[in-house]
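Participant: Sending over a structure as structure tokens; questions will come in a sec.
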Amino acid sequence: MMDKYSLNARIYPVVILLLPLVVIGVTYSLEYEEYIQILSTLGITSALLYFLSNVGRDSGKPKEPKLWQKWGGMPTAQLLSYKNEIIDKHTKQKYHRELQNLSPIDDTSIDFENVDLSEVIEVYKSWTKYLISKTRDTKKYALQFKENISYGFRRNLWGLKTLSIFLLLICMIGNYVFQGIKNGFLSYDTFSVQFFISESILILLLAVWIFIIDSNWIKIPAFAFGERLLESIDSITQHNRVDGPG
């Protein structure tokens, strides 16, 4: 059974990628239902969902370092850095103390308040991995899980941007060529209503991909997830005090 993260963050971006084909199909009244029934009968649907899940994951995850570089570093690391002011200094000091207790580092001489992010990035990465490993309970950390899904969805959708724009242009050109062959390439007044409806929707989708789905759009849930992850420090600390480290 497909889990919620795979469905929302991996499959939905691919579904949106294929939306231009759906627009063309629906507008020209293709009988998709019949084909879906055939696929289901052949047992292909589950395999297709698994394939789409992998395509969605592979579209965005490998490009993550590029995003972080553009933003100035991994979101959680930036939030822990004293050079970043999203989280206040006092809260940040508390996070550092508790993280040092939860996941100690060997070098205790690091002056975190006066050092550049690049010099302590490995420490912050280590702490981030520790926190993620301790917050896999999606019910207990539901808000964090929600932000992670949102980030994964936007990241993977952005990873498909070039392919999606290419597919949209192909659909738009193909739509025009189809009508041109049928009615004459300059006989716009004889083009079908379906052409103008589908072409308008495709142009709108193209505008969304170009102007909305960018790195800044992904940054919002990325840093929101980072903040929720750091907020889990208190919960992990309390749990360790009750049950002991583990």
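Participant: Output ³J(HN,Hα) for region 97-102: one whole-Hz value per residue in order, computed from phi by the Karplus curve 6.51 cos²θ - 1.76 cosθ + 1.60 with θ = phi - 60°, and x for Gly and Pro.
Facilitator: 4, 5, 5, 5, 6, 6
Participant: I would also like to ask the following. Above 31 Å lies some portion of the pair distances; for the chain, what is it as a whole percent of all C-alpha pairs?
Facilitator: Numbers: 12678 of 30135 pairs.
When every Cα pair of the chain is considered, 42 percent fall beyond 31 Å.
Participant: For the residues 113, 64, what sequence is obtained by ranking on other C-beta atoms within 10 Å, fewest first?
Facilitator: Starting with the residue having the fewest Cβ neighbours, the order is 113, 64.
Participant: Scaled to the compact-protein estimate 2.2 N^0.38 Å, what is the alpha-carbon radius of gyration of region 141-246, rounded to two decimal places? Write down the numbers at each step before the final one.
Facilitator: Values: Rg = 23.4 Å, N = 106, 2.2 N^0.38 = 12.9 Å.
Region 141-246 yields a ratio of 1.81.
Participant: Another question, if that's okay. For a footprinting-style exposure proxy, rank 157, 204, 117, 186 by other Cβ within 10 Å, fewest first. Working shown, then result.
Facilitator: Working: 157 23, 204 11, 117 17, 186 8.
Starting with the residue having the fewest Cβ neighbours, the order is 186, 204, 117, 157.
Participant: While we're on this one: Under 14 Å from the Cβ of residue 131, count the other residues' Cβ atoms, weight Lys and Arg +1, Asp and Glu -1, and hand me the total. Each step should come with its number before you reach the end.
Facilitator: Working: positive: 125, 129, 134, 136, 140, 228; negative: 98, 137, 147, 227, 231, 234.
It works out to a net charge of 0.
Participant: Also: Using a Cα distance threshold of under 22 Å, what count of lysine pairs results for region 126-218 when pairs must be 8 or more residues apart or interchain?
Facilitator: 4
Participant: Return one number: the angle in degrees, 0 to 90 and rounded to the nearest 10, between the long axis of the Cα atoms of helix 161-183 and the longest principal axis of the Cα atoms of the chain.
Facilitator: Between the helix axis and the principal axis of the chain, the angle is about 10 degrees.
Participant: Per residue of region 125-138, what does 6.51 cos²θ - 1.76 cosθ + 1.60 with θ = phi - 60° give for ³J(HN,Hα)? Whole Hz please, x for Gly and Pro, Karplus curve as stated.
Facilitator: Working through the residues one at a time gives 5, 4, 5, 4, 4, 4, 5, 4, 5, 9, 10, 7, 6, 6 Hz.
Participant: Among 136, 155, 228, determine the one that fluctuates most according to a GNM of the chain built with springs between C-alpha atoms less than 10 Å apart.
Facilitator: Residue with maximal mean-square fluctuation among 136, 155, 228: 136.
Participant: Using alpha carbons only, how many degrees (0 to 90, rounded to 10) separate the axis of helix 193-211 from the longest principal axis of the chain?
Facilitator: 20
Participant: If I model a spin label at residue 115 and residue 165 as a point 7 Å from the Cα along the Cα→Cβ vector, what separation in nanometres do I get?
Facilitator: Result for the modelled spin labels: 4.0 nm.
Participant: So for the chain, taking the charge dipole from beta-carbon charges (+1 Lys/Arg, -1 Asp/Glu), which of 216, 130, 226 sits furthest toward the positive end?
Facilitator: Positive-end residue among those listed: 130.
None of the figures in this text is laboratory data; all of them are computed from the coordinates on show. All values derive from a computational prediction rather than experimental measurement. Cβ sites come from the backbone with ideal geometry, for glycine too, and all protein chains shown count toward neighbours.
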